[in-house]
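The values are calculated or read from the model by the stated rules, or taken from the named source; none is laboratory data. From a predicted model like this one, the values you see are computed outputs, not experimental measurements. Using ideal geometry, Cβ is built from the backbone for each residue, glycine included, and neighbour counts are taken over all protein chains shown.
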């Protein structure tokens, strides 16, 4: 079992504390609730299998966030994913097509290198320095990606609302 300061953590305790965060990130990273569930499950299984020891809460949280981002990247490259279509993305022939997406859809359409900083900053409330530590890049890179992502979102939403 994973431990925090030498004290073992139960699976229930970890899921209660971090399950919602990891699930939201996984949905954001995959664009689908069912795929997000699969990614979140893989993250928690890998946590149990590797049996790490964490120095503090922030170390555990950072590990889970980094593992989720990595699993979402792997999910995006998967050959299996490219051969299958989720039921959520299959067209519903009985319902009319909606008039378009909104801000969340525009964020989900961003490339991962822009999507993760936007998500972690605006949804989860992390600072640029913290995001840099979580994603393994310098703070200024995070700031640049946030700026470029805002410009891309502005263009995408301007086209949609014009």
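The single condition among (1) under 23 Å from residue 18 (Cβ atoms); (2) surrounded by fewer than 19 Cβ atoms within 10 Å (Cβ to Cβ); (3) modelled with pLDDT of 90 or more that residue 142 does not satisfy is (2). Kindly indicate whether residue 117 is within 22 Å of residue 35 (Cα to Cα), touching a helix residue (DSSP H, G or I) at 6+ places or on another chain (Cβ under 9 Å) and at pLDDT 90 or above. It is true that residue 117 is within 22 Å of residue 35 (Cα to Cα), touching a helix residue (DSSP H, G or I) at 6+ places or on another chain (Cβ under 9 Å) and at pLDDT 90 or above. Of all the numbered requirements in (1) modelled with pLDDT under 85; (2) surrounded by 15 or more Cβ atoms within 10 Å (Cβ to Cβ), residue 50 misses one, and that requirement is (2).
The set of residues in the range 2-35 that are exposed (fewer than 13 other Cβ atoms within 10 Å of the Cβ) and assigned to a loop (DSSP other than H, G, I, E, B) comprises 5, 6, 10.
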